[in-house]
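The values are calculated or read from the model by the stated rules, or taken from the named source; none is laboratory data. Source: prediction; values computed, not measured. Don't worry about glycine lacking a Cβ; one is built from the backbone with ideal geometry, like all the others, and counts go over all protein chains shown. Heads up: the accessible areas ignore ligands, DNA and RNA and are worked out on the full protein's heavy atoms, side chains in. Shrake-Rupley method; radii C 1.70, N 1.55, O 1.52, S 1.80 Å.
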Amino acid sequence: MDCGVITSKTVLLLLSLAFWAAAAGLSYVGGYVMNTYRSYDNFLQDKYALLPAVIILCVAAVMFIIGLLGCCATFRESRVGLGLFLAIILIIFIAEVSAFVLAFVYREKVKTDVQGTMRSVFEKYDGKNSESAVVDYLQENLHCCGVKNYSDWTSTQWFNSTGNNSVPLSCCKPNLKNCTGSLDQPQDLNTQGCSGELESGLQSVISYAMLVILGFAIVKFFGMLSVCVLTCRREDSGYQPLYSGVFA
């Protein structure tokens, strides 16, 4: 067997195994991005921001099947199987490039989206409704208070209705049992606003997803090259070289 064929088959088998590992990795990344967006979906007007995560999860499901196809086609050296393998890898490659572009676009839109909706959500805070639960969750987990800073609460309807000159208890610093949220004790409060923390967190998640997508897209590119090499070698192997005989 030609050394080039052996090398190409080895590469394709390794890439088929890599597809299964990539499917697991993409499933984790896609699920993580989706859960992160769902935690803060009240602050995001554009629901299509989930589209990159959905594409990643769909690609992950297909990749597991493609890995199996790649193994079978490589072992059998099936020209039809390798051609199908190449076509599907190309489709996945295009999908990953699309997901990368969409992630880049929505990464730039996150800041505008968050700033445009966060104040309206904070205005709906009454300590009981679903928006209140989201705001408390956000402030507790990001250790922040208000949109820009804790003083933003003084202009909300909830603050004026309570009349006790205090902010929600979710603004209290962690592990402070005696914190009452009173503005007379600002040292007990998280003074940093939530908009900057949320923007930074969401953009970091998207950047991480973009790096993962780019890495797997590069793997697909080399996979397509390997299929082409193996297919070309396979075609060449169908012809036997002719040698001129020695005539007595």
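For the structure I just gave you, tell me whether D152 is open to solvent by 20 Å² or more (accessible area, probe 1.4 Å) and not in a helix (DSSP H, G or I). So D152 fails the test. Of all the residues in the range 133-174, those that are farther than 17 Å from T117 by Cα and among the aliphatic types (A, V, I, L, M) number 3.
Residues of the range 63-92 being buried (at least 21 other Cβ atoms within 10 Å of the Cβ), under 30 Å from the mean Cα position of the chain (by Cα) and farther than 21 Å from G30 by Cβ, which ones? The answer is G70, L82, F85. Taken together, the criteria exclude S8 from residues that are open to solvent by less than 50 Å² (accessible area, probe 1.4 Å), of a type in the set (G, A, S), at pLDDT 75 or above and over 24 Å from V205 (Cβ atoms).
Taken over the range 131-159, residues that are of a type in the set (A, V, I, L, M) and in contact with a strand residue (DSSP E or B) (Cβ under 9 Å, 6 or more places away or on another chain) amount to 1. Of the residues I213, I218, which is under 30 Å from E77 (Cα atoms), open to solvent by 80 Å² or more (accessible area, probe 1.4 Å) and either modelled with pLDDT of 85 or more or among the hydrophobic types (A, V, I, L, M, F, W, C) (or both)? That would be I218, the only listed residue that is under 30 Å from E77 (Cα atoms), open to solvent by 80 Å² or more (accessible area, probe 1.4 Å) and either modelled with pLDDT of 85 or more or among the hydrophobic types (A, V, I, L, M, F, W, C) (or both). Consider the range 160-192 and keep the residues that are assigned to a helix (DSSP H, G or I) and in contact with a strand residue (DSSP E or B) (Cβ under 8 Å, 6 or more places away or on another chain). The one that is least open to solvent (accessible area, probe 1.4 Å) is C171.
Modelled with pLDDT of 75 or more, within 30 Å of E140 (Cβ to Cβ) and not aromatic (F, W, Y), is that true of V80? When the stated conditions are applied, V80 does not pass them. Condition (residue is in contact (Cβ under 8 Å) with a residue 40 or more places away in the chain, surrounded by fewer than 15 Cβ atoms within 10 Å (Cβ to Cβ), within 30 Å of V212 (Cβ to Cβ) and of a type in the set (G, A, S)) applied to the range 193-201: is it met by at least one residue? No: the range 193-201 contains no residue that is in contact (Cβ under 8 Å) with a residue 40 or more places away in the chain, surrounded by fewer than 15 Cβ atoms within 10 Å (Cβ to Cβ), within 30 Å of V212 (Cβ to Cβ) and of a type in the set (G, A, S).
Which members of the range 21-49 meet the condition of being surrounded by fewer than 17 Cβ atoms within 10 Å (Cβ to Cβ) and either modelled with pLDDT under 70 or within 22 Å of M224 (Cβ to Cβ) (or both)? Scanning the range 21-49 gives A21, A24, R38, S39, D41, Q45, D46, K47, Y48.
Does any residue of the range 131-145 turn out to be open to solvent by 30 Å² or more (accessible area, probe 1.4 Å) and farther than 17 Å from G193 by Cβ?
Within the range 131-145, one or more residues are open to solvent by 30 Å² or more (accessible area, probe 1.4 Å) and farther than 17 Å from G193 by Cβ.
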